[in-house]
Amino acid sequence: MAAFAILALVLLVTTNVLLRYFFRTGSVWSQELEWHLMAPIALFAIPYTLMKGDAVRVDVLYERFSGRTRLLLDIFAGIVGMAVAFLLLKYSIPYVEKSWMNGEGSPDPGGLPARYLLKAILPIGFAALFCQQLAQVIANCARLSGAVYPADTDKSDP
């Protein structure tokens, strides 16, 4: 979903720039749609990146640690990540409910009418992040205990 949203965002920004600078025209809704596409990109790409093992680390330090230390650090980071994702999930639900109940739209004339749909992505994205962090913690605990998973290709494998 994030990959399609990136493609749509690139096309939309290109179109908006061409319209604005060559034809001296544009629309509020198309500019708002740009940042509406950023939410699913960020919220769905982060758990995917974690799943693929492409998360950014301070590799200069991380690579110098032993395999066991890296696993312990990954488990700690996963638990902290789960706590953050859980809190964001918990606090996003009332925010989304209020927006949904009010049928929130753009305050700008000509803006997108259903802003509550964009906000509904928040708890879904944070739930996905929580689940991915949980999966990472379980997999790293299994590695630490010596269990072997042949299909696991995580880059932090010692």
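The values are calculated or read from the model by the stated rules, or taken from the named source; none is laboratory data. Here the structure is a predicted model, which is why all the values come from computation and not from measurement. Ideal geometry is used to build each Cβ from the backbone, glycine not excepted, and the neighbour counts take in all protein chains shown. Note: areas computed on protein heavy atoms with side chains; ligands, DNA, RNA excluded. Shrake-Rupley method; radii C 1.70, N 1.55, O 1.52, S 1.80 Å.
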Inset, instruction - Run Leu61 past the list (1) open to solvent by 70 Å² or more (accessible area, probe 1.4 Å); (2) modelled with pLDDT of 85 or more and report the number of the one that doesn't hold. - result: (2)
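Given the criteria of a type in the set (Gly, Ala, Ser), assigned to a helix (DSSP H, G or I) and either under 21 Å from Ala114 (Cα atoms) or open to solvent by 70 Å² or more (accessible area, probe 1.4 Å) (or both), does Ala3 qualify? Spell out how you get there, then give the answer.
Values: of a type in the set (Gly, Ala, Ser): yes; assigned to a helix (DSSP H, G or I): yes; either under 21 Å from Ala114 (Cα atoms) or open to solvent by 70 Å² or more (accessible area, probe 1.4 Å) (or both): yes.
Here the answer is yes, as Ala3 does meet what is asked.
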Legend entry - Residues of the stretch 59-90 classified as more than 17 Å from Cys131 (Cα to Cα), in a helix (DSSP H, G or I) and among the aromatic types (Phe, Trp, Tyr), total: 1
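Look through the stretch 35-49, keep the residues that are closer than 23 Å to Ala77 by Cα and without any contact (Cβ under 8 Å) to a residue 40 or more places away in the chain, and return whichever of them is least open to solvent (accessible area, probe 1.4 Å). Show your work before the answer.
Residues of the stretch 35-49 closer than 23 Å to Ala77 by Cα: 41-49.
If we keep only those that are without any contact (Cβ under 8 Å) to a residue 40 or more places away in the chain too, we end up with 41, 49.
Details: Ile41: 23, Thr49: 49 Å².
Among residues in the stretch 35-49 that are closer than 23 Å to Ala77 by Cα and without any contact (Cβ under 8 Å) to a residue 40 or more places away in the chain, the one least open to solvent (accessible area, probe 1.4 Å) is Ile41.
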Inset, instruction - Scan Leu117, Leu112 and give me the residue that is at pLDDT below 90, open to solvent by 80 Å² or more (accessible area, probe 1.4 Å) and either closer than 30 Å to Val96 by Cα or basic (Lys, Arg) (or both). - result: Leu117
Inset, instruction - Would you check which residues across the stretch 112-145 are without any contact (Cβ under 8 Å) to a residue 24 or more places away in the chain and within 21 Å of Ile46 (Cα to Cα) and list them? - result: Leu117, Ile138, Ala139
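One line per residue, one yes/no per condition, for (1) open to solvent by less than 40 Å² (accessible area, probe 1.4 Å); (2) among the aromatic types (Phe, Trp, Tyr); (3) at positive phi:
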residue: Tyr95; (1), (2), (3): no, yes, no
residue: Pro107; (1), (2), (3): no, no, no
residue: Leu122; (1), (2), (3): no, no, no
residue: Ala127; (1), (2), (3): yes, no, no
Legend entry - Test: Leu71 is more than 29 Å from Ile121 (Cα to Cα), in contact (Cβ under 8 Å) with a residue 60 or more places away in the chain and surrounded by 13 or more Cβ atoms within 10 Å (Cβ to Cβ): yes
Inset, instruction - Considering only residues that are surrounded by 13 or more Cβ atoms within 10 Å (Cβ to Cβ) and more than 30 Å from Arg115 (Cβ to Cβ), look in the stretch 74-93 and name the one that is modelled with the highest pLDDT. - result: Ile79
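State whether the residues of the stretch 96-110 include one that is assigned to a helix (DSSP H, G or I) and closer than 18 Å to Ala128 by Cα. Lay out the reasoning, then the answer.
Here is the first cut: in the stretch 96-110, the residues assigned to a helix (DSSP H, G or I) are 96-102.
Add one more test, that the residue is closer than 18 Å to Ala128 by Cα, and what stays is 96.
Yes: the stretch 96-110 contains one or more residues that are assigned to a helix (DSSP H, G or I) and closer than 18 Å to Ala128 by Cα.
Before we move on, is Ala55 modelled with pLDDT under 90, within 15 Å of the chain's Cα centre (by Cα), surrounded by 14 or more Cβ atoms within 10 Å (Cβ to Cβ) and assigned to a helix (DSSP H, G or I)? Explain how you work it out, then say what you get.
On the way: modelled with pLDDT under 90: yes; within 15 Å of the chain's Cα centre (by Cα): yes; surrounded by 14 or more Cβ atoms within 10 Å (Cβ to Cβ): yes; assigned to a helix (DSSP H, G or I): no.
The answer is no for Ala55.
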Legend entry - Identity of the residue in the stretch 22-34, polar (S, T, N, Q) and closer than 26 Å to Tyr116 by Cα, that ends up surrounded by the fewest Cβ atoms within 10 Å (Cβ to Cβ): Ser27
